[in-house]
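This report concerns only the one structure given below.
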Amino acid sequence: MISYKIIGKESLELLMSLRMEMLCAVNGKADSGDFSRTLVDESRAYFERGDYRQVVAFDGEAAVGCATLSFLYVMPTFCHPTGRRAHLMNVYTKEEYRRKGIARTMVQMLEEEARYRGVTEISLDATELGRPLYESLGFAPSGEAMSLCL
């Protein structure tokens, strides 16, 4: 039976372990030894700051999936008068647990948290594998966003 728990910086080592595992899977790496020290250190600092919600799925005592919602505060606009927005990331389920509704449940839990906090928009960067899930949950491509990598 799968259970879900919202965790935070009190579970820092679990957060880091899941983050590194997800990055390895998404980037085709065997282990996190290939990641820069900056990526690892900044990931740890991010989790220590705590302006996020992380849901972890467990099968018994074993963590089998995770999803993170990062909270952002930007200048209010007419469409987003509170300035409260969020970015969904780090959505990951171990391969043998995929296609069982785990990621869907985690994202829905985070959406509920976002509504509770007055968030007016959730953005995300989707992989091809994740795109069908997000579309089924109501996410749509945005023709408004642009970015500049520095």
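Given axes a ≥ b ≥ c from the Cα gyration tensor, I'd like to know whether the range 1-58 is rounded (a/c under 1.5), prolate (a/b larger than b/c) or oblate. It is oblate, given that a/c is not under 1.5 and a/b is not larger than b/c. A compact globular protein would have a Cα radius of gyration near 2.2 N^0.38 Å; the ratio found for the chain is 1.06. Taking all protein chains together and rolling a 1.4 Å probe, Val119 ends up with roughly 20 Å² accessible.
Roll a 1.4 Å probe over the protein chains and send me the accessible area per residue for the chain in Å². Could the numbers behind the result be given before it?
Details: 9690 Å² over 150 residues.
Here the residues of the chain average 65 Å² of exposed surface.
Among Leu133, Leu69, Leu110, the largest mean-square fluctuation in a Gaussian network model of the chain (Cα springs under 10 Å) belongs to Leu133. Non-local lysine pairs in the chain, meaning eight or more places apart or on different chains, with alpha-carbon distances under 24 Å, amount to 4.
In terms of its C-alpha gyration tensor, the range 105-150 comes out oblate, because a/c is 1.5 or above while a/b does not outweigh b/c. The mean sequence distance of close C-alpha pairs (under 8 Å, at least 6 residues apart), as a share of the length of the chain, puts its relative contact order at 20 percent. What list of ³J(HN,Hα) values in whole Hz, one per residue of the range 113-122 in order, does the Karplus curve 6.51 cos²θ - 1.76 cosθ + 1.60 (θ = phi - 60°) give from phi, with Gly and Pro shown as x? Whole-Hz 3J(HN,Hα) from phi for the range 113-122: 4, 4, 4, 4, 8, x, 5, 10, 7, 10.
The values are calculated or read from the model by the stated rules, or taken from the named source; none is laboratory data. What you see is a predicted model, and the numbers here were worked out from it, not measured in a lab. Just so you know, the surface numbers come from the protein's heavy atoms only, side chains and all, with ligands and any DNA or RNA stripped out. Shrake-Rupley method; radii C 1.70, N 1.55, O 1.52, S 1.80 Å.
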